[in-house]
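Note sheet for the following structure.
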Amino acid sequence: MEPTSLDSEIFLFDPPETVWDRVLFLDHAAWYDHKDMQVLVKAAERTQSVSREIPREAWLGLYAPANPLKQAPPAGEAVLYSLFHRAEELPEWKRLRLMVGMDPVAAAFGAAHFVTDLIDKLPPEVQEAMEASQQAQDQMQNLQDRIDAAQALASGGGSPNGMSSDQLQSLIQQLEAQLQQAKTQAAANEQAALNALDAAKARTNQSLAQAINNSAEDLSALQKAAGEFGVGWGIGGTGGATREQISGLHELAEYLRRSPSVKLILESLGWAKSLVTRERRKSTRGRETFTHFKVQDLNLETLSPDELVSMIAFDPSSPIYVDFLCRALDGDLLHAQFEGDDHAGRGPIVFLRDESGSMHGARRATACALQMALMIDARKEGRRFVSIPFSDVGQFQVYDPGQKPDPQGLMEHLDTTYGGGTEPYTPLSAAIRLIREDPSLREGDILAITDGEFGQPPAEFLRELEEARKQPGLKLITVVINGHPGQADFADKIVLIGDIVRERERLAEAIAPLL
């Protein structure tokens, strides 16, 4: 059932006690708005046996970093107070607070990951003592609820199951006596939990530091991935993340937690984007040798001097200016062509990624990061981009992200691996057919990254490639890892690399013609 405005008003009229001081009404309201996020609900389910309030207290502590702990713990919260008092003294907690930056969504993921990881890492005797303390608190609360219900009946003149007024009062007295015993037991269990924390101080502090660090790493990876995968993030300028974005963030967080390979790709992505940016700048600056003029659509960067004069030196009513406009509409303007332009495709890109057994770990992450960087660059320029992961005979699939990749589909694609042998010719043939048959991929370039464990090309593939080269634009660039001279001679450009991780800067030779 969806919470109503009345539920919100009741909660905010008398919000639960907290270990944090100077918590504002707006802080409680922000918690109420985000408490039903799936990541927080799952954290509450995971931690409820130890503490029912730890997700909320962690969220408030991260979301409102200027709020200190109270001078003394509220009733029943001495154990949580002790835990967060220890956390506050750790530099890791301060770092996590800075990362959250009063973003309620970031606070939700940071708090949820922290508390679930902490519960797993706390010393066993501390966990057991906290569970006993929480059970005693639950028993005390249950008795208090029963007393409140009975007193409400008594004040209204009612009675359950035909019970007389005297019997009802007797029941209330019995419950009150049980409540006093429960309070005594709860206090004893709470003190036992505090004693367990003190006895395991070093291990508890280590558990806190590790859980906070892991939460910070998870949050950093999630924030980075959200930007790269187009999920959307944070409070932004539109008043808050949408439900769709929050749902996407949860799926992304779960995927990152169970897929170390995607996290490894993200760690290499910054380098790959820098490489692509650097080579793009080089390709723009490097065209200094004029070769010829070519008729094409208007591009102010390479428009010929004569055409430029027609555009800016004549009155708009002049026949010369009118002729210029007509030819511009027809795509019939002269443009200068410079050395390197014929080689640089600047059209669609089909990226072949070897997913055989040898391409794992950092090798694979480097290739995937380069693919992501090229895809991001292509999207910015409105260029089509298609990827084909492949391995052994028949093991390949075509991934077409379109203009706005689906985050889940993109993550699954990056996680695709086969682990077999290497047979690049069937996927290369598929790439060639895509370029020849799909109008949106015409004049596209193919970049293949593969290991050197493949044989000579079949005659049918060579014939298909030769036929495709009769059409303008197609270029095939191949990066061969641990290959040998003469291998992949069918390619227009070959880059031989011994170690793709240590020599990753040499991948610039492969991507330069594409940019």
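Give me the 1.4 Å probe accessible area per residue for the chain, excluding ligands and nucleic acids, in Å².
On the way: 24920 Å² over 515 residues.
Per-residue value: 48 Å².
Determine the share of the chain's accessible area contributed by carbon and sulfur atoms, expressed in whole percent, with a 1.4 angstrom probe.
Reported share for carbon and sulfur atoms: 51 percent.
Counting just the Cα atoms, what span does the chain cover along each of its three principal axes? Round to the nearest Å and put the largest first.
For the chain, the Cα extents along the three principal axes come out at 105, 64, 47 Å.
How tilted is helix 124-155 with respect to the longest principal axis of the chain? Cα atoms for both, answer in degrees (0 to 90, nearest 10).
Compared with the principal axis, the helix lies near 60 degrees.
Which loop GluC sites (Glu not before Pro) in segment 415-456, with loop taken from DSSP, have no more than 14 other Cβ atoms within 10 angstrom of their Cβ?
Values: sites: GLU437, GLU443, GLU453; in loops: GLU443, GLU453.
In loop regions of segment 415-456 (DSSP not H, G, I, E or B), the sparsely surrounded GluC sites (Glu not before Pro) are GLU443.
Using the alpha-carbon atoms, what tilt in degrees (0 to 90, nearest 10) does helix 91-100 show relative to the longest principal axis of the chain?
70 degrees
Just subtract the alpha-carbon distance of ARG203 and GLN471 from 0.36 nm times their residue separation and send over the number in nm, one decimal.
Working: separation 268, 0.36 × 268 = 96.48 nm, distance 6.85 nm.
Computed gain between ARG203 and GLN471 is 89.6 nm.
Given the Cα atoms of segment 58-200, and with Rh set as the inverse mean 1/r over their pairs in the Kirkwood sense, what is Rg to Rh to two decimals?
Radius of gyration relative to Kirkwood radius: 1.13.
What number, in percent, do you get for the relative contact order of segment 378-515 if the mean sequence gap of Cα pairs under 8 Å and at least 6 apart is divided by its residue count?
17 percent
For every helix of n ≥ 4 consecutive DSSP H residues, a contribution of -39,500 (n - 2.57) applies; sum these over the chain, divide by its total residues, and give [θ] at 222 nm rounded to the nearest 500 deg cm²/dmol. Don't skip to the answer; put the middle values down first.
Details: 19 runs with 290 residues, N = 515.
So the helix-based figure for the chain works out to -18500 deg cm²/dmol.
Once both axes come from the Cα atoms, what is the angle between helix 243-258 and the longest principal axis of the chain, in degrees from 0 to 90, rounded to 10?
Value to nearest ten degrees: 90.
With a/c under 1.5 counting as rounded, go ahead and sort segment 430-515 into rounded, prolate or oblate using the C-alpha gyration tensor (a ≥ b ≥ c being the square roots of the eigenvalues; past the cut-off, prolate if a/b is larger than b/c, else oblate).
Values: a/c = 2.51, a/b = 1.45, b/c = 1.73.
Here segment 430-515 falls in the oblate category.
Express in % the proportion of alpha carbon pairs of segment 293-429 at distances exceeding 28 Å. Walk me through the intermediate numbers first.
Details: 3971 of 9316 pairs.
Tail fraction, whole percent: 43.
Each residue of segment 440-446 in order: what ³J(HN,Hα) in whole Hz does its phi give by Karplus 6.51 cos²θ - 1.76 cosθ + 1.60, θ = phi - 60°, with x for Gly and Pro?
Working through the residues one at a time gives 6, 10, 4, 6, x, 10, 10 Hz.
Could you check what % of the DSSP bridge pairs in the chain are antiparallel, to the nearest 5?
30 percent
The values are calculated or read from the model by the stated rules, or taken from the named source; none is laboratory data. None of the values given here were measured: they were computed from a predicted structure. No Cβ is skipped: glycine too gets one built from the backbone with ideal geometry, and neighbour counts run over all protein chains shown. Keep in mind that these areas ignore ligands, DNA and RNA; they rest on the heavy atoms of the full protein, side chains included. Shrake-Rupley method; radii C 1.70, N 1.55, O 1.52, S 1.80 Å.
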